[in-house]
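Enquirer: I have a structure I would like to understand better, so I am pasting it below and will then ask my questions one at a time.
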Amino acid sequence: MEVASKRRRELEAAVLDKVGEVISAVRSAQRVDQVICALHSLAVLLFPLDYSSLLSGSIDQRYRDQVLSAKVPSEEERWEWWQAFYHGAAYPTLARVLLLDVASNWLACFPLSARVHVYDVFFVRGLSSEVVQTLVPCLQQNASDGHDINYVLSNTERLLVHCLLENDGVLQMAREFCRSEDSISEWTKPTVARLAQMVASIPDKARLRAPVSLSSHLFFKQITIQLLSLAEKRDEKVLDKVSFFSKSDVDDALQFVGETFSRICRRGSADVLLSEISPRILRHVQSLLSSDIDSAVIDVFEAHPGSQFWLKMIEAIKDVYAVERISEQLLHHLVTEHASDVEAYWILWLLFHRTIRHQTSVRSMFVDKFVLWKTFPICCLRWILQFAVLECPPDSNSLTKGHSISGLVDTLQRLLAVWSKKEFVQSASMEQQTYVSAAVGLSLEKMSKEELDETKDVMHLILQGVSCRLESPNHLVRKMASGVALVFSKVIDPKNPLYLDDSCSSDIIDWEFGLATPDKGNLDTSDCTEKDVLKSKASILAPESDFNHTANRGMSNNVKSKTKKLSEFKIADPDEIIDPVTLNNEPVSDIDDDDDNASENSESSSDSSLQPYDLSDDDTDLKRKFSQLVDVVGALRKSDDADGVERALDVAENLVRASPDELRHVASDLVRTLVQVRCSDLAVEGEEESAEDKRQRALVALLVTCPFESLDTLNKLLYSPNVDISQRIMILDVMTDAAQELANAKTVKPKHRTGSLITSISESQPWFLPSGSGPPGATSWKEISDTGTLLNWSSRYERELPSKSGQIKRGKTRRWSLRSSSVQENQMEWSHNKFPVHAAAFMLPAMQGFDKKRHGVDLLDRDFVVLGKLIYMLGVCMKCAAMHPEASALAPPLLDLLRSREVSHHKEAYVRRAVLFAASCILVALHPSYVASSLVEGNLEVSKGLEWVRIWALHVVESDTDRECYTMAMTCLQLHSEMAFQASRALESVETTFKTRSVGLPSNLSQGTIKIPTHKGNIDFV
Amino acid sequence: MATIVKLQHISSFRGKGTRNLIREGMSKRPTPDPVAVLRGHRASVMDASFHPSRPLLFTGSADGELRIWDTVQHRTVSSACVHSAAHGIICVASSPFIGANKVISQGRDGTVKCWDIEDGGLSRNPSVTIKTNTYHFCKLSLVKKPSAHALQAEGHSYHDETEFRGTFDLESLDDSKEKAERGLTECSNVVREDTHAEGPNYVAIAGELSHEVEVWDLNTAERLVQLPQSSVGGSPNISTSERGMCMAVQAFLPTESQGSLNVLAGYEDGSMLWWDIRHPGVPVTSIKFHSEPVLSISIDESCRGGISGAADNKIVMFSLDHSMGSCVVKKEISLERPGISGTSIRPDGKIAATAGWDHRVRIYNYHKGNALAILKYHHATCNSVSYSSDSKLMASASEDRTVALWELYPPKT
């Protein structure tokens, strides 16, 4: 030992001497050849060099001899020197000179072969770990010692690409750590970590103009591939050397791999990493699953040598954050690669089954973070639940419950604790809510009734969560509640599922709630065809029964032909469109025919001409039609006569639109009864929607035809304690619709027809003939001979006129005064905004007292949906009155309403959205000149309100959790800048007019400010 | 839309032969509209009756107006207020047997008036006025006799008829002789255009006591008999008062009855009594088909069957067996909506029509009783239906103040 160490020390001294020699030679060199020679003298001691190529270079003859005369050491000597050189202090010293001095002063003059053989060789053939340690710091060299810094850096980058990427330097490093047992130096863990850190930092340290392969994407991809090849290479190399891997602790190579991977993740390139990892591991699992499915799968996985790398890789990654990023990316990649449930489970098992047992951080990551706080596609959620919660391999494509349910119960309870909170519904993003709901549903599905009974508050939490979701204005949220409720009811009583929603009638719940299903269209079409098939089946069945019927009546002569016909139907193409009615009818008419024939035989009279007509009959015309509004009101009040209510609703809209004289007196009563009629209770099953629709249209018609009286009542009802939330919402909906209708009111005005007042008479026609003008197709005039006396003063003419195009002839009844299309052509439609007159009546009463809490009225807290609808309605009203002076008058109070803290910072996103909408409407509705004049005149109310809108929208953009709020706020900001721009233009014109009148701007103009965000920044208009 | 589908369907079937196509078309053909609608009445049209030979239609309305219409031109020929507006007409009737140029109107003022049709309208004054003192809703009935072709179809010769006619009347043999002559002319199927009806003409009508039926002689305006006859001697009489008002009557003269008048009367409780005036004390038979008041009875041309409508949701087709004196249900048709205020059987006996309270006129195959058409035109209660004697036209009178003319299943000539 002593001899060895002494010898090593001597060797190191010799190497150091030699290096010192070379360095001084380089420093004192006058010519490039001298540098080459000096370097060569060292290189030749360390590396096997190829002289022929060096000689072909253009070295001066003198130096060539010197080079050639250099003594070539033996293989063994060289190896010793190499060891001493790289493990000692010699290499770093030389490398510094090479990278700085030589690179900046001489390297440009090196012939190519010389550069490869006496310069690059020190790095390329060196100990990669050392090389990296010298190269990487060089990337951050400052221009200090008069070196040509650009050249130094580009040279370093070139060397890095050359060493690490082209020569698999990273792989070599890993191998170096492998051999560390029998090598001289011991690698400590911090060193490994430092090296990994260095490698991973290269792309960040590289300059902008560095080679593309040093960009983080390509670089990490390359080194990942290199490191992963380790996993495969080891198979061959280490098959006999099992002990190497069965070691309990992680060896340095894997340590390095792990560290590198975690650094890559830290530097935000986890996707690059996983895009390489996931196909490989998927391939691995697939090959294992397909090859040997019979024996116990766990054994197969553990025994297979290829698995070892994967088994330990995650263990090697100590960085929790990196593990999380890797698992996330892994899951996403598995989705894109369409891994099956079984494959995904085994992949997760392979990577994480040890760490999840030993490391609480990993466990909580799967059970907590991935289920509660992150969102993945739903299939990932299934994998996560299967792996981390149920902890057993799945059956084909369905979650399987393991033996122990404690994990499941724990998880479910934790999920429910979050899920049932109202705050979660209010603040979490839609994806998050969907995801957690799906998690709740999926894990609930796996529970049994007994297990549920044992848990303490699960049921309570479920009910709480469902009920607070059912109140939500968002359809999706309600759907989540009904989905979970359905699952819950199935667990409690599988035979009696609870459908809270009409739409979800199938047993399979779509846990993605239609959020992300790209191939939904396919489903629909398949569904459709299935229906078609069913329909055609039904239509085939129908004639069959008819057929039986006839057969029973003993018409055996026709049986054969009919069975034939039936079989024809049966084998008919199912895609063919078969009208069931005609199918049914044909045999029926057959029967009649036969019947008639029979009667013909028995009685001599022929009845075959007595074919029945269409015997369908309905009683629509029999019902009493209401023709008076008073009757309608009366019928609506009789809640026990459902039929009457329905008919009253049918006619109500038309009667109101006819706008009879008494409407004004009935309007208030009618509004009240319409609001209070329980039409959905009275309507026939399945027709609630249409009844509701009719009521709303009738109310809209009332509001449009008779606004003031109706509004008076409606506004009273809006805050009355006698109506419920649904009625309040309906009132607001109706007001919104009415406002829009009033704004788009159309009036028909006849077009002024220009006709010549003096008719010119053509020569060809005698003056006494009537003129030939008239509709096209009219025949020419004919004189009618009069049978009267000869002394007839008048002559009569007639001609035939074609019937008008719009005229309908029904039977013998002639209908007059049908409006023909030509009449309509002659009239023009003018759209005329009738709304502004009524705007105040619409808005002001509704804005009063929205914040008062009364019996049954609590807009700010409980009935937030009503509040949202109210604000929306106010916004629509503003929009409808846009650019009218009324809008300017109504904007300040509305802005006041919006600005109140409990409205604009309402915890329900629904309300905030409505506020954003209303604010945008105000921005659109205000006339720019009004904004300008309010600035000029110092109307603080408006200018401050508008400024608040901008600030508040900015605030929402920055901090709101709801994505829709964000987009709406962006739009709002856009509208604000547009408005400000228009206002500034208006202001300019005001200024010019002021100037022309030589009147100075009023001094208080400075009080109002309006900010216009432009590219340069904010311009204040003062 | 439906027609488009059907057309597509038909075109797809074209390859399978035109038979199918025709059948398709036939099976779903839409109900026809009226060929004409006669407007002009200012009140509910209560009854309509065709002139037996000329293209005229008589209609009477609830305000007492009797209109005569030309059924070719669809114009009013004349109009007259024949009963007071307050009471109105409930029935108009005409028959070849009372004379071709006569029309009878029954008002709710307690009179029945017989009018002559002169050139361009009614006579100024009625030729006969019967003061019946009845103020009810029952329409009177003229006597229906088996028509020639109906009889021939059944294989009877008119000789038998004349033989039976020999003992026709209870009162006067002379009358019966004349009657026999008339019957002879009728059998030769020549409609006489004579201006005067000969022989006694009877009308059956619900009586002054509304549960009785009275038969009046039209020529003399005298009451002939009451059914049931108030007790004469010891004959066992029954009372009909517990049956309620008589709501419908139909008088007929079946060949089997040896010339004696028969009356079928429907009562308020839904029962019907078959009277033979030879035995005015007791009815031939009593049946109850309906659960509500019988509103209309029609007897077919052969007098061997008929149809009855009531306020319940049933139409009953029945047959009369003269030898047994029994009336049996042939077919019972149930309706969705109750109320049949009028019935009529076409003279050729193929189809029958009903006028419903549900505004609909329904057409049935009289032989089989199956429904043929539901005619929706009127928008108020239909009061009566009536067929023309040549079976070509049907008139429906309705409370909507219109009369609709229909041409359904016109007989092949």
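Please treat every number below as a calculation from the coordinates, not as lab data. This one's a predicted model, so the numbers in the text were calculated from it and none came from an experiment. Methodologically, a virtual Cβ is constructed for each residue, glycine included, from the backbone with ideal geometry; neighbour enumeration extends over all protein chains shown.
Enquirer: Taking θ = phi - 60°, what integer Hz values does the Karplus form 6.51 cos²θ - 1.76 cosθ + 1.60 yield along segment A:951-960, in sequence order, with x for Gly and Pro?
Expert: Karplus values, whole Hz, x for Gly and Pro: 5, 5, 4, 4, 4, 5, 4, 6, 10, 6.
Enquirer: Still on this model: Once the Cβ-Cβ distance between A:GLU688 and A:ASP204 is put in as r, and R0 is 45 Å, what FRET efficiency do you end up with, to the nearest 0.05?
Expert: The value I calculate is 0.10.
Enquirer: Which entries in A:LYS625/B:LYS314; A:LYS638/A:LYS694; A:LYS694/B:LYS376 show an alpha-carbon gap greater than 19 Å?
Expert: Result: A:LYS625/B:LYS314; A:LYS694/B:LYS376 exceed 19 Å.
Enquirer: What is the mean number of Cβ atoms from other protein chains located within 10 Å of the Cβ atom of each residue in peptide A:213-226, rounded to a whole number?
Expert: The shielding value for this peptide is 0.
Enquirer: Moving on. Could the peptides A:120-130, A:6-16, B:305-315 be put in order, highest first, of the mean number of other beta-carbon atoms found within 10 Å of their residues?
Expert: B:305-315, A:120-130, A:6-16
Enquirer: Provide the gained length on full extension for the span A:CYS392 to A:VAL3, in nm with one decimal, where the gain is 0.36 nm per separating residue minus the Cα-Cα distance.
Expert: Result for the pair: 134.1 nm of gain on full extension.
Enquirer: Further question: Can you tell me the FRET efficiency between B:SER78 and B:ASN125 if r is taken as the Cβ-Cβ distance and R0 is 22 Å, rounded to the nearest 0.05?
Expert: FRET efficiency, B:SER78 to B:ASN125: 0.90.
Enquirer: Give, as ranges by residue number, the residues of segment A:685-719 whose backbone N falls under 19 Å from the point 7 Å along Cα→Cβ of A:ARG678.
Expert: The answer is A:685-696.
Enquirer: For the cross-link pairs B:LYS102/B:LYS412; A:LYS421/A:LYS495; A:LYS374/A:LYS421, which exceed 20 Å when the distance is taken from alpha carbon to alpha carbon?
Expert: The pairs that break the limit, which is 20 Å between Cα atoms, are B:LYS102/B:LYS412; A:LYS421/A:LYS495.
Enquirer: Report the extension gain between A:SER959 and A:VAL72 in nm, rounded to one decimal, defined as 0.36 nm multiplied by the number of residues separating them, less their alpha carbon distance.
Expert: In short, 312.1 nm is gained.
Enquirer: Listing B:ILE340, A:ILE281 from the residue with the fewest other Cβ atoms within 10 Å to the one with the most, what is the order?
Expert: Ascending number of Cβ neighbours within 10 Å: A:ILE281, B:ILE340.
Enquirer: May I pose another question? Past the 28 Å Cα-Cα mark, which pairs from B:LYS144/B:LYS368; A:LYS422/A:LYS944; A:LYS479/A:LYS852; A:LYS312/A:LYS456?
Expert: From B:LYS144/B:LYS368; A:LYS422/A:LYS944; A:LYS479/A:LYS852; A:LYS312/A:LYS456, over 28 Å: A:LYS422/A:LYS944; A:LYS479/A:LYS852; A:LYS312/A:LYS456.
Enquirer: For B:131-137, what's the mean count of beta carbons from other chains sitting within 10 Å of each residue's beta carbon?
Expert: Across B:131-137, the average partner-chain Cβ count within 10 Å equals 0.
Enquirer: Also, I was wondering about something else. Roughly how crowded by other chains is peptide B:353-363, in terms of the mean Cβ count from those chains within 10 Å of each of its Cβ atoms?
Expert: Neighbouring Cβ atoms belonging to other protein chains average 2 per residue here.
Enquirer: Now for a separate question. Find how much the distance from A:SER406 to A:LYS625 grows on full extension, using 0.36 nm per residue of separation minus their present alpha carbon separation; answer in nm with one decimal.
Expert: Length difference between fully extended and current span is 72.1 nm.
Enquirer: Mind ranking A:865-872, B:36-43, B:64-71 by how tightly packed they are, going by the mean number of other C-beta atoms within 10 angstrom, highest first?
Expert: My ranking of the peptides, most packed first, is A:865-872, B:64-71, B:36-43.
Enquirer: While we're looking at this one, here's another question. Which stretch or stretches of segment A:934-972 have amide N atoms under 18 Å from the point lying 7 Å from A:ARG899's Cα along the Cα→Cβ direction?
Expert: Flagged as within label range: A:934-956.
Enquirer: If you don't mind, there's one more thing I want to ask. Pop the C-beta distance of A:SER448 and A:LEU289 into the FRET formula with R0 = 35 Å and round what comes out to the nearest 0.05.
Expert: 0.70
Enquirer: Which of the peptides A:610-618, A:317-325, A:153-161 is most tightly packed, and how do the rest follow, judged by the mean count of other Cβ atoms within 10 Å per residue?
Expert: Taking the mean over residues of other Cβ atoms within 10 Å, the ranking is A:153-161, A:317-325, A:610-618.
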